Amino acid sequence: AVLLGAAAYLFTRTLQFDFPHAPGRLGPDIWPQLILVLLMLACAAGIGRTWVLESRARPEPKAKPEGDGPRAGYPDDVALAGSEAPSRYWLVAGGLALFVAYPVALAYLGFLVATFLLMALFMLIGQWRNVLGVVTVSAAGTLVLFYIFRGVVYVSLPLGSGPFHDVTVWIASLLGMR
């Protein structure tokens, strides 16, 4: 709730930015406003989710607790959520390794291929096993980001080298970009 309030306050401050307006172009105020709106939506969703979860009944201990541990008397799934749950640090390490390798891959593979691979491998590391879904979401997400950054915001993205450069230029031409 504090973060939501801070984002709302900062949003009102972005409405006071003074800059020369160019017709048909987005101003520099749009990007902080967009990020703050997304932050406010995420905060509102988190508050709503917490409110819904808190209103649900919590697991009650059984009438006669079994054992003498701190989880005695609770259902098995609640007990497993504690210290007996398997650790998956390798998933976190794999995700971090992807984000470390991504800037290096951008220079050689270009934005399209590097971003597609980042998204696909991140989902696979996150144990999403629907390969068709991974490929579809990665391709759609990469194309949307490419179009927004290059076609709307006019950010100069890395095109890659060799055949990756040719693929990026070809896809950009399919999307109507120069």
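Between the beta carbons of Trp90 and Leu132, assuming R0 = 22 Å, the FRET efficiency works out to 0.30 to the nearest 0.05.
Taking a ≥ b ≥ c as the square roots of the eigenvalues of the Cα gyration tensor of segment 104-143, is the shape rounded (a/c under 1.5), prolate (a/b larger than b/c) or oblate? Don't skip to the answer; put the middle values down first.
Values: a/c = 3.48, a/b = 1.70, b/c = 2.04.
Note, shape of segment 104-143 comes out oblate.
For the pair Met177 and Phe149 in one chain, pulling the backbone fully straight at 0.36 nm per residue adds 8.9 nm over the alpha carbon distance.
Given a Förster distance of 25 Å, report the FRET efficiency between Val100 and Ser161 from their Cβ-Cβ distance, rounded to the nearest 0.05.
Working: r = 20 Å, r/R0 = 0.81.
For R0 = 25 Å, the calculated efficiency reads 0.80.
Between Arg56 and Asp18, what FRET efficiency comes out of the Förster formula 1/(1 + (r/R0)^6) with R0 = 35 Å and r the beta carbon distance, rounded to 0.05? Result of the calculation: an efficiency of 0.15.
Readers should treat all values here as calculations from the given coordinates under stated rules, not as data from a laboratory. Predicted model only: the values in this text are computed from it and were never measured. Every residue, glycine as well, gets a Cβ built from its backbone with ideal geometry; the counts of neighbours run over all protein chains shown.
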